[in-house]
1. Which number in (1) at pLDDT 95 or above; (2) under 27 Å from Ile176 (Cα atoms); (3) surrounded by 14 or more Cβ atoms within 10 Å (Cβ to Cβ) marks the one condition that Ser132 misses?
2. Restricted to the range 135-164, and to residues that are touching a strand residue (DSSP E or B) at 6+ places or on another chain (Cβ under 8 Å) and outside any helix (DSSP H, G or I), which residue is surrounded by the fewest Cβ atoms within 10 Å (Cβ to Cβ)?
3. Out of the range 84-125, which residues are farther than 17 Å from Tyr194 by Cβ, small (Gly, Ala, Ser) and crowded, with 18+ Cβ neighbours inside 10 Å?
4. What's the number of the only condition in (1) touching a residue at least 40 places away in the same chain (Cβ under 8 Å); (2) more than 22 Å from Leu8 (Cβ to Cβ); (3) out of contact with any helix residue (DSSP H, G or I) (no Cβ under 8 Å at 6 or more places or on another chain) that Ala214 fails to meet?
5. Does Ala28 satisfy the condition of being surrounded by fewer than 22 Cβ atoms within 10 Å (Cβ to Cβ), more than 18 Å from Leu107 (Cβ to Cβ) and in contact with a Ser or Thr (Cβ under 6 Å, 6 or more places away or on another chain)?
6. Can you name the condition, by its number, that Ala80 falls short on among (1) within 26 Å of Val177 (Cβ to Cβ); (2) surrounded by fewer than 21 Cβ atoms within 10 Å (Cβ to Cβ)?
7. Within the set of pairs 6 or more residues apart or between chains, which connect a residue that is within 16 Å of Ala214 (Cβ to Cβ) inside the range 71-90 to a residue that is modelled with pLDDT of 90 or more and in a loop (DSSP other than H, G, I, E, B) with Cβ atoms less than 6 Å apart?
8. What are the residues in the range 66-97 that are touching a Ser or Thr at 6+ places or on another chain (Cβ under 6 Å) and either more than 24 Å from Ala128 (Cβ to Cβ) or of a type in the set (Phe, Trp, Tyr) (or both), if any?
Amino acid sequence: MTRSAVVLLSGGLDSATVLAMARRQGYACHTLSLDYGQRHRSELDAAAVISPLLGALSHSLVKLDLTLFGGSALTDAAIAVPTDGAAIGAQGVIPITYVPARNTIMLSLALAKAETLGANDIFFGANAVDYSGYPDCRPEYVKAFEAMANLATKAAVEGARLTIHVPIIELSKAQIVTRGHALGVDYSRTVSCYQADSAGRACGACDSCRLRRAGFAGAGLADPTRYQP
C-alpha cells in the first residue's frame, strides 16, 4: 500500500522541493501550511497553488496568530527586515527573522495531522547549510523532536514509529535548486522573500532573496523569481 505523509509546505523554494522529493519516493502527500501572521503572506497563496501542482492529495491551512508575541521581523511590523546580507554565514548569529518556536509549532501540528491520517512520516524543509542561524533547523533539533514525538503519540506507543524526513538539511541552496529542477518544480510559482508584496513579487534584498538568487546562480539556472520594480 502507498504510505501517507504530511509535508510542511510554506510556499517557498525549499519546501516545494521537499514535496517533490516525497512524491518521487512514492508517498501519498498531504500538505500543511501555517498562517502565523507573517509579513510574506503571499507565500500562503503560493503553497495552495504548489500543493496540487506537485501531486499532493490535500492541502490544509492552520491559522495561529504569532504576532501576539512578536519578537521577529516576520511577525512584528515595528522590526525592519534586514537587507544588508550581514547575517548570512555569520557564525553564532541568530537573525532577527527567526520566529520563536515556529518550527516546533509547525512540527507539532504536522504530528497531529499525521496521527489523524494514520501516517508515520513527516517531511520538513529544514536546511542547516546555507543559512545555519536558525536553531530549529539543526539536525540535532530534528532528532530531538522525532524522539519526543515517538514518546508523545498514541500511534508510536502502539508500535507505529514516526519518522521526520529532512532531505535537504545538508544540501546547499544550489544543490536544492538542482534537485528540484530535475523533479520538475516550477520555482516561478514559489515565494521565498521575507517581504514579498501581495502579488508574490520579491524584494531582491532580504537574506532569503540573496540566498535564493545565489542558489540559481550556483546551479547554473536562470532565476525565475518575480521581483518588485
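The values are calculated or read from the model by the stated rules, or taken from the named source; none is laboratory data. Values in this document were obtained by computation on a predicted structure and should not be read as measured data. FYI the Cβ positions are ideal-geometry reconstructions off the backbone, even for glycines, and counts take in every protein chain you see.
1. It fails just one condition, (1).
2. The qualifying residue surrounded by the fewest Cβ atoms within 10 Å (Cβ to Cβ) is Thr163.
3. Selection gives Ala110, Ala114, Ala119.
4. Only one criterion is unmet by Ala214, namely (3).
5. When the stated conditions are applied, Ala28 passes them.
6. (1)
7. Listed pairs, sorted by first residue: Thr83/Ala205; Thr83/Cys206; Ala87/Pro95.
8. If the condition is that a residue be touching a Ser or Thr at 6+ places or on another chain (Cβ under 6 Å) and either more than 24 Å from Ala128 (Cβ to Cβ) or of a type in the set (Phe, Trp, Tyr) (or both), then Thr67 is the only one that fits.
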